[in-house]
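Step one of this worksheet: look at the structure below.
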Amino acid sequence: MRRFTSDTATVTVIAAPAGFGKTTAIAQWLASDDHRERAVAWLSLDARDNDATTFWRYLIAAIEGALPRAVSPDERSGRALAPMSEAALDVLINQLQSGPRMTLVLDDLHVIDDTVVHAGLSYFVEHLPAPLHLVMVTRADPPLPLARLRVEGRLREIRARDLRFTEAESARYLTEAMGLEMSDTQIATLDERTEGWIAALQLAALTLQGHDDPARFISRFAGDDRYVVDYLVEEVLQHQPQPIREFLLHTSILGRLTGALCDAVTGLSDGSATLEDLDRRNLFVVPLDDRRLWYRYHHLFAEMLRARLTAEEPELLRELHLRASDWYERNGLLEQAIEHAFGARAFDRAADLLEASSTALRQNRQELALLGWLEMLPPEMISARPSLGLTFAGTLLSAGRIDRVEQLLSDAESADPSTSEEVRTLHAGIALYRAAQSMVIGDIPATLSSARRAVELASSGSDIEQGASAGLLGLALWAQGELTAAAESWTTALEHLAAAGYISDMIGGSLAMADILLAQGRLAAAAAVYRHGLDEAMRSQPPLRGAADMHVGLSGVHYARNELENARAELRSAESLGEHSGLPQNRHRLRIVAARLLLAEGATTEAIDMLIDAERLYVSDMFPDVRPIAAVRARAYLATGLYQEARDWARGRSLTTADPLSYAREYEHATFARVLLSDPATVADAVTLASRLVEDARDAADRGGSLVDLLVLQALARSAAGDEANALDALDEAVSLAEAEGDVRVFIDEGAPMLRLLAALTKRTPTSSAAVRLLAAATAGRAVARVERTSIFPASTLTARELEILRLLASDLSGPEISRHLTVSLNTVRTHIKNVYAKLDANSRQAAVRRATELGILH
Amino acid sequence: MPGVNHSADSPATYEFRVSGHLDPLWAAHFEGLMLACDVDGTTSLRCEIVDQAALHGVLHRLRDAGLSIVAITQVDR
């Protein structure tokens, strides 16, 4: 076992077929001197571990068994994090990273074929903590990213060829370990015939022990073509007394053996004694613990025995399984009792057992196993058992499957009306599921009706039921533009989620709540929601998921109030918490706020690139897309003079002035109006559209946030159309509305035209302190933009577009010629050129080209 | 297109070839299996396989029986 001494490898894979002594090899190494300083965690896998939750739970338990307190499963974060998401794995990895050296053995890894488990394992392997040596024992190469480890010399592989006995090893085994007297030729023959396969050598040795004519056996064996295991097992079996032979065959149906169980199956009373005898003679049984209470058969041998049993006594199979099932049931081991009931095809019995154990199975997250068994039962059997039907329906629903659920529920209800409370709960579950489905495909009316039904059905139910249904209803109402009702629904939802202890879900819901409040123009209330969510998240160590989102939210509020330093600080806090501290939406939300800050600093190209990134990372998480990132980007184009790009966006969205207005598309239409404004030919259309939008928002009466934005638009449109007086009226109203909450950026972001209008407004009504303050802020903001270039995300490389411009600068095309060549406006070109100069620290075309050549950007 | 055009999910007959001669009792263990020992020391196992999932199931069981697979072929119906 020299091959293990190197300490640089951190992963060992032992891959070989059954019977090659893999487990023995590892066990021997772990017991050897090489291994003194390491704790050992051993996880023997079986088919029931083929589920992400179960797998990791047992893996962590195995580690805890070796090193108590090495990992501390945080109850709250355990529930808040998605089961074995990368975030949860990060927690485990970090805890192991700072722990003592340890070996973790995963035995029989080939039984795992669940893709989620493999994905998690891949991640684990890619981020393996330094003190950990991972050993994987398997019959099939694991589908994990081992190539990199191999290249880095951190992977050790032990394969069948390494485990086969050499002739010398075979000789030692046969003569010393098994005490046989053999000639060199005989040893060579056996070694060749078995190919050094340990299982076969073992069987051969067993046959030879006490054989009356070993020489003849060996020569016949050598000359025979039969599969070695077939041949040898038959030899061994034939040489056993009949009672032993029967014992072996009949107990072969058992995965695990113990004296009393064997007696129940064989109908005899010498089970324990027989097992001890087999153990002593090294005949196929493996003890499962030190007390030698439980055994199992060697894999290969068990296969062979079962094959024989099926061939010789098929009618006995059912009876044997029933006896086993009965014994397991009497001893309170219901899972195995169920398995054997199915083995006997005794479906009635299996159904009875399932009814008795379903609660326990669901509590232990054995839903996959439960579902598998339930699906094996004949449908008529389930419809006759209402309680089982309900269990089945509930399990399907938690697995996200709605097929059969309706049928199961109506069968259950008609079979036994007293189950109506459970039926109600499940109907509520279906309504919620349906509402979610409709939301995902964007069918708002269907979502509303399902969500309302869910709320109704949940009203007498648990906190989580009420919270989830109120939340979904809130989302649908929001999508419809019924903001007051949506806010009410979400307030209820958040209360129930908090009461149910689902804190991370409450934090996620806070995002929706705050978004709705912002749409209503209630910045202070939104900030309070973010702060509360943040407080809750920070109670845990590490902070709950969603903490980053709260910081980003607060950043957005600070930005709106023109408190740019605070906004930046909140973004930094969000980033320092790490990506796994954010809920799915945070990836795009953070970038949108960052983009706004970049725009405020005048870093327009970076801002737009950031928005493109944000769009790529967008996930709805079932929130209505009321502020599409593409529209935000279009506004950024307009603000930076890239009018063609903005018009392209509008065309791509098929927006026309004849469109009916709806809350869902309000932001897009307002953006479209701004696009119309950028072209003198369509200013009149912009004015009309703006008026329609303003009226629509006013009618809704609870869209304060939108109204300010739309009044600003209206002011700008009217001004562009030459209607200065009415423009100032609109602006006046906007200023008053925005004053209480301190929404300042909505004005400042409009740039020079707004500056001019504000100045005009202060002249018209000098007593309006709000307008004066805004004007001051707007003026200061413009000065700041020129000076400050400290971006959140360092920008040191040219974007693709800038590179194009740079290459054209190196030619002798003039500015206008370049803009024609690229078919963009001259303004656009000028902006790009400005950025290129800034990045290259140049102030002229020649200087820029020279610098770029020095840096190797141009050749 | 000439030849047999199967969809991946329709039943087909597969032949697995393993090292060593297998005892006929294996036929009962793998339902519906036809077993034939060949002079080259291998055994061919033919069975009707319903779909790809069933195919992988058989492969697993061959593996668990410690058999060495030397060839897998889909045979004309």
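Values in this text are rule-based calculations from the coordinates and carry no lab data. None of the values given here were measured: they were computed from a predicted structure. Note that each Cβ is placed from the backbone with ideal geometry, even for glycine, and that neighbours are counted across all protein chains shown.
Which of the peptides A:417-427, A:495-505 is most tightly packed, and how do the rest follow, judged by the mean count of other Cβ atoms within 10 Å per residue?
A:495-505, A:417-427
With N set to the number of residues, divide the alpha-carbon radius of gyration of the protein assembly as shown by 2.2 N^0.38 Å and report two decimals.
1.24
Which is farthest toward the positive dipole end of chain A among A:VAL455, A:THR251, A:TYR663, measuring Cα position about the Cα centre, with Cβ charges +1 (Lys, Arg) and -1 (Asp, Glu)?
Value computed over the given set: A:TYR663.
Roughly how many debye, to the nearest 20, is the charge dipole of chain B about its Cα centre, given +1 on each Lys and Arg Cβ, -1 on each Asp and Glu Cβ, and no other charges?
80
Can you sort A:ARG48, A:ARG674 from fewest to most other Cβ atoms within 10 Å of each residue's own Cβ?
A:ARG48, A:ARG674
Of all DSSP beta bridges in chain A, what percent run antiparallel (nearest 5)?
Of all bridge pairs located within chain A, approximately 15 percent are antiparallel.
Report the GluC sites (Glu not before Pro) located in segment A:109-209 that are in a DSSP loop and have at most 11 other Cβ atoms inside 10 Å of their Cβ, or state none.
Answer by residue number: A:GLU152, A:GLU181.
Note down the net charge around A:ARG349, summing +1 for each Lys or Arg and -1 for each Asp or Glu among other residues with Cβ under 10 Å from its Cβ.
For residues surrounding A:ARG349, the net value is -3.
How much length is gained if the chain between A:ARG531 and A:GLN437 is pulled fully straight, taking 0.36 nm per residue apart and subtracting their Cα-Cα distance, in nm to one decimal?
30.7 nm
Using only Cα atoms, tell me the angle between helix A:299-312 and the longest principal axis of chain A; keep it within 0 to 90° and round to the nearest 10.
70
Only four residue types carry charge here, +1 at the Cβ of Lys and Arg and -1 at the Cβ of Asp and Glu. Report the dipole size of segment A:800-855 about the Cα centre in Debye, rounded to the nearest 20.
Dipole size: approximately 100 debye.
List the extent of the Cα atoms of segment A:648-728 along each of their three principal axes, largest first, rounded to whole Å.
Result for segment A:648-728: principal-axis Cα extents of 34, 32, 17 Å.
Roughly how tilted is helix A:86-97, in degrees to the nearest 10 and between 0 and 90, from the longest Cα axis of chain A?
60
On average, how many beta carbons from a partner chain sit within 10 Å of the beta carbon of a residue in B:31-41?
Mean partner-chain Cβ count within 10 Å for B:31-41: 1.
Compute and list, largest first, the equivalent-ellipsoid semi-axes of segment A:639-787 from the alpha carbon gyration tensor, each √(5λ) rounded to a whole angstrom.
25, 18, 14
May I ask you to derive the relative contact order of chain A, considering only C-alpha pairs under 8 Å and at least 6 residues apart, and to give it as an integer percent?
6
With axes computed from alpha carbons, what is the tilt in degrees of helix A:214-223 against the longest principal axis of chain A, rounded to the nearest 10 within 0 to 90?
50
Bin by bin, in steps of 10 Å, what percent of the Cα pairs in segment A:167-307 do you find, going until the bin that has the longest distance?
Reading upward from the zero bin: 11, 41, 31, 15, 1.
Pull out a ≥ b ≥ c, the square roots of the eigenvalues of the alpha-carbon gyration tensor of segment A:581-670, then state rounded if a/c is under 1.5, prolate if not and a/b is larger than b/c, and oblate in the remaining case.
oblate
Which one of A:THR419, A:VAL675, A:ALA16 is farthest out on the positive end of the charge dipole of chain A, using unit charges on Cβ (Lys, Arg +1; Asp, Glu -1) and the Cα centre as origin?
Positive-most Cα among the choices belongs to A:VAL675.
I'd like the distance separating the alpha-carbon centroids of segment A:647-695 and segment A:326-384, in whole Å.
Between the Cα centres of segment A:647-695 and segment A:326-384 lies a distance of 62 Å.
Once all Cα-Cα distances of segment A:800-855 are split into 10 Å bins that start at 0, what whole-number percent is in each one?
Result returned by the calculation: 26, 61, 13.
Using a Förster distance of 56 angstrom, determine the FRET efficiency expected from the C-beta separation of A:LEU826 and A:ALA147, and round it to 0.05.
Taking R0 as 56 Å, the efficiency between A:LEU826 and A:ALA147 is 0.60.
Let a ≥ b ≥ c be the square roots of the eigenvalues of the Cα gyration tensor of segment A:492-551; is it rounded (a/c under 1.5), or, if not, prolate (a/b larger than b/c) or oblate?
oblate
Given the -39500 (n - 2.57) contribution per DSSP H run of 4+ residues, what per-residue ellipticity at 222 nm results for the protein assembly as shown, rounded to the nearest 500 deg cm²/dmol?
Value at 222 nm, helices only: -19000 deg cm²/dmol.
Could you give the Stokes-Einstein D for chain B in µm² per second, using the C-alpha Kirkwood radius, 10 °C, 1.306 mPa s?
Reported coefficient: 122 µm²/s.
Treating the beta-carbon of each Lys and Arg as +1 and of each Asp and Glu as -1, no other charges, what is the dipole magnitude of chain A about its Cα centre, to the nearest 20 debye?
Roughly 3280 debye for chain A.
In whole angstrom, and with the biggest value first, how far do the Cα coordinates of segment A:566-621 range along each principal axis?
30, 25, 13
Residue farthest toward the positive end of the dipole of the protein assembly as shown, with Cβ of Lys/Arg at +1 and Asp/Glu at -1: which of A:ALA740, A:GLY553, A:GLN209?
A:ALA740
From the square roots a ≥ b ≥ c of the eigenvalues of the alpha-carbon gyration tensor of segment A:409-516, which class results: rounded (a/c under 1.5), prolate (a/b over b/c), or oblate?
oblate
For segment A:347-424, evaluate the Debye formula with one uniform point scatterer on each Cα (no solvent term) and list log10 I(q)/I(0) at q = 0.23 Å⁻¹, rounded to two decimals.
Scattering profile of segment A:347-424, log10 relative to I(0): -1.10.
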